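J.: First the structure, then my questions, so here it is.
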Amino acid sequence: MSLDRSQTLELFSRMLRIRKFEEAIIAYNPVGHLSIGQEAAIGGACIALRVDDYVTGTHRSHGHPIGKGAEIKPLMAEIFGKRTGICKGLGGSMHLTDPSCGVIAESAIVGGGFPIATGAGLSIQVRGTDQVSLCFFGDGATNQGTFSESVNMAAVWKLPVIYFCENNGYAVTTSVAKSHGQPEIARRADGFGIPGVVVDGQDAEAVYAVTMEAVERARSGGGPTLIEAKTYRFDEHSNRLAIPIEYRSKEEISYYRRERDPIILYREVLVSRGLSAEVERIEAEVAAIIEEAVAFARESPDPEMGDLWDCMFSNPINMQPFEGQD
Amino acid sequence: MSLDRSQTLELFSRMLRIRKFEEAIIAYNPVGHLSIGQEAAIGGACIALRVDDYVTGTHRSHGHPIGKGAEIKPLMAEIFGKRTGICKGLGGSMHLTDPSCGVIAESAIVGGGFPIATGAGLSIQVRGTDQVSLCFFGDGATNQGTFSESVNMAAVWKLPVIYFCENNGYAVTTSVAKSHGQPEIARRADGFGIPGVVVDGQDAEAVYAVTMEAVERARSGGGPTLIEAKTYRFDEHSNRLAIPIEYRSKEEISYYRRERDPIILYREVLVSRGLSAEVERIEAEVAAIIEEAVAFARESPDPEMGDLWDCMFSNPINMQPFEGQD
Amino acid sequence: MSNSTQKLTYLQAIVEAQREEMRRDERVILMGEDIAVYGAQSLFDEFDEKRLRNTPISENSFVGVGVGAALTGLRPIVDLTIASFCYLASDQIINQAAKLRFMTGAQLKVPLVVRASTFYNNRTAAQHADRPYPLFMNTPGLKVLAPATASDAKGLLKAAIRDDDPVIFFEDITLWSKKEEVSTDENLLVPIGKAAIKRQGSDLTIVSIAGCLPHALSAAEALEREGIRAEVIDLRTIVPMDKETILTSVAKTGRLVIVDNSHKVGSVASEIAAVVCEEGFESLRKPIQRVAAPMVHVPYNGALEKQLFASKDRILSAVRAIV
Amino acid sequence: MSNSTQKLTYLQAIVEAQREEMRRDERVILMGEDIAVYGAQSLFDEFDEKRLRNTPISENSFVGVGVGAALTGLRPIVDLTIASFCYLASDQIINQAAKLRFMTGAQLKVPLVVRASTFYNNRTAAQHADRPYPLFMNTPGLKVLAPATASDAKGLLKAAIRDDDPVIFFEDITLWSKKEEVSTDENLLVPIGKAAIKRQGSDLTIVSIAGCLPHALSAAEALEREGIRAEVIDLRTIVPMDKETILTSVAKTGRLVIVDNSHKVGSVASEIAAVVCEEGFESLRKPIQRVAAPMVHVPYNGALEKQLFASKDRILSAVRAIV
Ligand SMILES: Cc1ncc(C[n+]2csc(CCOP(=O)(O)OP(=O)(O)O)c2C)c(N)n1
Ligand SMILES: Cc1ncc(C[n+]2csc(CCOP(=O)(O)OP(=O)(O)O)c2C)c(N)n1
Ligand SMILES: [Mg+2]
Ligand SMILES: [Mg+2]
């Protein structure tokens, strides 16, 4: 249950794609909620999944499809609001949903993904496949009622769902300590009779290992697992929200940036395993991918008004193809 | 922290009032959800409260105000839909709300009482009184998101709230085993960092003792407690809902009715303490109270259409006093 | 195509629709609280618990579970049982089910049916008696049905199950026990988006929604005896609305009474009035009349409760005001 | 009563209303997620954390906590921040806050204010951009406000806080930064239930809701240059609606355009149209026009998003159809 060489490189590459994708956003189109600092949690979890496994995500949506192996260009075009975007420019930064690689929903409604991921688990069980469904969510999201409702339902029905918490310590400006009766998210699992496990979210391979264990339990009918990956968000909550208060110290931020950067940490691991050349090749590749994606996004056309009508229904009824503006 | 003689008699009297009130409903006006079998849980919890402590309840609403010491006549008139009813005949069987004795909401929306009880706790804390707020709810209600949301908020803010589960084993036809990831409700408390305790809900004084402990913790700033009283509903879910399936065995029902009737059990305790005469006096008193209440309810007038308009707003604006029927 | 029929109540028709669609398509599942109690009991003889899910009391999540299942290959029917509980699930219905296809640039589809019964005139008081059609009218992306007969209940529910978009299916409990001959043809669907003219007339149009229909028809009969010929339209589909049938009728009659048991302000009746006033203004000869529930809550007392809702007399007095 | 004013943005006016009421009445508290981020930062200098509650992300419950606190002696302001989240809390708002007084036979009162900002024209896509006024129109028991100026925002919010019934207060973020002179009089309340005539005219009535006002006013100016005098009414209070001001105006002008950024079907505009068609039919000379958001979701792409909402040009073309 450990990664082979090519998998470790793929893991590093995906983590780096998340980082570079978001650095390009900062540079070219500063919208949205960044996952910088959380790449090991996302990448480590996703590398334990197959392409046909499902993932649901959050407003902090960029990392999940990239972690799941999605093509970068349509994601970047989406950030730019273009018609070539993965969601035709209609979803945007909080909603990079790519079903072709299993990412079926990125919910900007905090807590909205719990039931959907659980429903995907139900669907797997009814259809009798051996897929699994992995639900990404934040520490803040665990205070939504949908968290316990959904986890409980998955527990009752032994659904193949992995509830994966990216615990970055804060929900906007609110710390876990100030919003949770007790701060350990994983400890809530016991109330529903399922395993709960804590992992260092800055250690990509550690994340992989606990996720893989949960995935195997799920695939073999053992039901859901709650995983809490302790991680950190390096940037502000969102590039677009002014935060007028200091809710976390500058020291804390710089400690994480300096000592706990998941990309740096995993790069060191790979280099120490004698993979410098491969790492450098990946770095060059990723840079090229991102550059191309930005160019593609910039050159792409905007969506048109008619697209709004076209994307509303699968079976349109009593609807003019394009109602005009009224 | 044990009850004195007059308190034990008051406890027995309240339990008996619940029983006889509902037997009268069965006889005269068969609506609603009965608490028969659950009187020790309700009475034992309420006897630990002061008149100015708050209570919220559920669709199974008859027991809570009676347990809290409410006058019986307006409750009975409400069941009959009369204008002299505690809610003027507008609320009915699922909503016997009597704020004069601290009962501030009986929610027929399962789970609706959690936030309201928690809000009463917040209000107590902000106003700086030493009241407490006790929230009655069923086993089924714990699967509503509001349960964990509210318990968590009370835990974060250390609110003086007691979450009191009348675990009668079933939600309509659905057993706890089939609807809860693990069956012990109290075990969910730990996930929120608060104490969770299980008690025999057919033993009135045991219920009193654990509730009193929680009340004292709450009054002294120690925050919320989750109590799970294991009890049993002797009758069907509701007098008005036909149940076409057998979801619990006849043996189970008759075992509880025969061996675990809380009224019989507590009566035996009191008799064994030499209180036969007092018990018999109470039995006569309660019978008279109920008889009078039924007569009062039957003779009372119906509410009128104008009452509907009068009860809508505290500060009516742009509203004709009585819009007629349109 | 078979021509045989069987006599079914409105509620039985709903159960039969589910049975036929579950037989036809193994992707169809049914979820909800205590579903056996709410009519699905006989389905348990035929289908296993995999496809018949008794849920915990977690409305927002089990509707969302339906959404997730719909996104990944199933065609779930989620029974909310009582429509007043829809507010608990409105987040998953409105923010997710209705929006996901659009927000993903039409990559996904959400073939979900949510059933909800409007539980009024039943002495259960204000927390159980909502008729919340308007809640779902204002959000694009949903189809909203409200049949008034057993045949329509069956045919529309089957159409809803086969539809690839999210559908809210309102059942009116004042109709649950009403019987009629219902086709046994497994492929007989009632088209979503088409109103039904239940009675022809030229003097006045009455548009009726769900359980108002029997009252509208008896009002029309009473009017007939006075020589006033009312056209009675059963809306059947609230969204998308069959404007054409309504406008065509009003073009003929010039007079419109709308009967709707939802609360008057922001009601389905309001929307119909607005449409007619915008697109059929020239044919209107008299003010539109809305017969709807007044802006007070539903009381427990049954005698008062009854007066809030549609009745022959209330419809007749609205008609008197314009003929 | 003081006559002095200070220049405030719409958002600052909201903060000042809260500050004044919190000073005046210690029962007033403010709750919500990250409230400092949403404008309340400066209140933390003056009031302690007992009365300023940063909540966990639990919308249904923290609104319900507001209900419970309101029932027991406080006067809570609950900030839902973004109006799209109201669906998560609609159960506590509709099933509890709106119904509890009635259901208890008027034993209780619920002095609760729920704030929610309509977050449109801001490139946040469909899960953040709702204007869900209609959700709360159809339920009796709520008062629903939607001010369009800083002064009204302040005066209406203060009135809401002092009102003994539950009030939903919609803030329009397209107005958040708009400045005007606002009275510093602590007792200056804007009455709930009264519309404001923002411009007199005799040829045509434009009723505007919330952030549509600047567009309605510029349309009226443009029309003025053509010799068409439009009366512009800012609705301000959605429920209860000031029918009288609207009907009086339409009696004069005979023509009505309603501008509403909610989705067209089941909109506030629909209700106004229905009321006028019912009670003002005789004075109407032309079809009522609704300028509202079409029945598609709000897209992320900002250029497309803008076209869904009110603009001078869209209002003018609606006017052209009837003058
Ligand atoms: C239902 C809902 N409530 C509130 C918000 C506003 N909001 C967006 S992100 C966020 C914090 C989420 O915190 P967490 O779950 O820890 O995720 P993180 O942002 O840290 O990744 C909040 C409150 C929202 N989008 N949806
Ligand atoms: C939100 C909501 N969902 C469903 C129902 C229907 N319902 C009424 S009581 C009940 C069961 C409640 O079970 P439990 O909490 O154990 O209470 P009990 O009836 O056993 O006292 C259900 C499902 C409801 N009233 N409200
Ligand atoms: Mg977080
Ligand atoms: Mg129970």
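J.: Picking from D:ILE238, D:ILE197, D:ILE82, which is most flexible by a Gaussian network model of chain D using Cα springs under 10 Å?
T.: Comparing D:ILE238, D:ILE197, D:ILE82 in the GNM, the peak value goes to D:ILE197.
J.: For chain C, find the longest principal axis of its Cα atoms and tell me its angle to the long axis of helix C:243-253, 0 to 90°, nearest 10.
T.: 20 degrees
J.: While we're on this one: Between copies, how far apart are the C:ASP45 label points? List them in nm, one decimal, shortest first, with each point 7 Å from Cα toward Cβ, please?
T.: Copy-to-copy label distances for C:ASP45: 7.6 nm.
J.: Something else now. To the nearest whole number, what is the average tally of beta carbon atoms from other chains within 10 Å of the beta carbons of peptide D:275-285?
T.: 5
J.: Under 8 Å for C-alpha pairs, at least 6 residues apart: give me the relative contact order for region D:7-183, rounded to a whole percent.
T.: For region D:7-183, the relative contact order is 29 percent.
J.: For chain A, what does the alpha-carbon gyration tensor say about shape, rounded, prolate or oblate, given a ≥ b ≥ c as the root eigenvalues, a/c under 1.5 as rounded, and a/b over b/c as prolate?
T.: Here chain A falls in the rounded category.
J.: Still on this structure, please answer the following. Could you work out the relative contact order of chain A? I mean the mean sequence separation of Cα pairs under 8 Å and 6+ apart, divided by the number of residues, in percent.
T.: Rounded, it is 23 percent for chain A.
J.: Which of the three applies to region D:196-320, rounded, prolate or oblate, going by the alpha-carbon gyration tensor with a ≥ b ≥ c and a/c under 1.5 meaning rounded?
T.: The shape class here is oblate.
J.: Assigning unit charges at the beta carbon (Lys, Arg +1; Asp, Glu -1) and nothing else, what dipole magnitude in debye, to the nearest 20, does region D:7-183 show about its Cα centre?
T.: Charge dipole of region D:7-183: 300 debye, to the nearest 20.
J.: Okay, moving on. Percent relative contact order of region A:1-156, based on C-alpha pairs within less than 8 angstrom and at least six residues apart?
T.: Reported relative contact order: 21 percent.
J.: A follow-up question, please. Of the residues C:ALA303, C:ALA129, C:ALA116, which exhibits the maximal mean-square fluctuation in a Gaussian network model of chain C defined by a 10 Å Cα contact cut-off?
T.: Highest fluctuation among the options: C:ALA303.
J.: Shifting gears a bit: Quick one: label points 7 angstrom along Cα→Cβ at A:ALA277, distances to the other copies in nm, smallest first?
T.: Here the equivalent label points are 10.4 nm apart from this one.
J.: Between region D:186-209 and region A:33-91, what is the C-alpha centre distance in whole Å?
T.: 47 Å
J.: Something else: Might you report the magnitude of the Cβ-based charge dipole of chain D about its Cα centre, with Lys and Arg at +1 and Asp and Glu at -1, to the nearest 20 debye?
T.: On the way: 38 positive and 40 negative charges, 125 e Å.
Dipole size: approximately 600 debye.
J.: So how strong a dipole does the protein assembly as shown carry about its Cα centre when Lys and Arg Cβ are +1 and Asp and Glu Cβ are -1, to the nearest 20 debye?
T.: Here the protein assembly as shown has a charge dipole of around 1680 debye.
J.: Indicate the gyration tensor shape class of the protein assembly as shown (rounded, prolate or oblate), computed on the Cα atoms with a ≥ b ≥ c the square roots of the eigenvalues: a/c under 1.5 is rounded; otherwise a/b larger than b/c is prolate and the rest oblate. Kindly include the intermediate steps, with their values, before the conclusion.
T.: Details: a/c = 1.34, a/b = 1.03, b/c = 1.30.
Judged from the Cα gyration tensor, the protein assembly as shown comes out rounded (a/c under 1.5).
J.: If each residue's Cβ is checked for other Cβ atoms within 10 Å, how do D:LEU100, B:LEU34 rank with the fewest at the top?
T.: By the 10 Å Cβ count, ascending: B:LEU34, D:LEU100.
J.: Related question: Answer with one residue from A:SER272, A:PRO65, A:PHE147: the one whose Cα lies farthest towards the positive end of the charge dipole of chain A, charges on Cβ with Lys, Arg +1 and Asp, Glu -1.
T.: A:PHE147
J.: Find the chain A residue whose Cβ sits closest to the rotation axis that carries A onto B, and give that distance in whole Å.
T.: Closest to the axis: A:GLY145, 1.
J.: State the dimensionless ratio Rg/Rh of region B:79-167 (Rg: radius of gyration of Cα atoms; Rh: Kirkwood radius).
T.: 1.02
J.: Putting +1 on Lys and Arg Cβ atoms and -1 on Asp and Glu Cβ atoms, find which of C:GLN92, B:GLY81, B:SER107 reaches farthest to the positive end of the dipole of the protein assembly as shown.
T.: Result: B:GLY81.
J.: Any idea what the B:TYR28 label distances to the other copies are, label 7 Å down the Cα→Cβ vector, nm, shortest first?
T.: Spacings between copies for this position, smallest first, are 7.9 nm.
J.: Another question about this same structure. Per residue of the protein assembly as shown, what 222 nm ellipticity follows from adding -39500 (n - 2.57) for every DSSP H run with n ≥ 4, rounded to the nearest 500?
T.: Calculated mean residue ellipticity at 222 nm is -11500 deg cm²/dmol.
J.: To continue, here is another question. How many lysine pairs in region D:196-320, separated by 8 or more positions in sequence or lying on different chains, have Cα atoms less than 20 Å apart?
T.: Here the count comes out as 10.
Every read-out reported here was derived from the displayed coordinates using simple, explicitly stated rules and does not represent laboratory data. The shown structure was predicted, so the numbers you read here are calculated from the model rather than taken from an experiment. With ideal geometry, Cβ positions are generated from the backbone for all residues, glycine too; neighbour counts draw on all protein chains shown.
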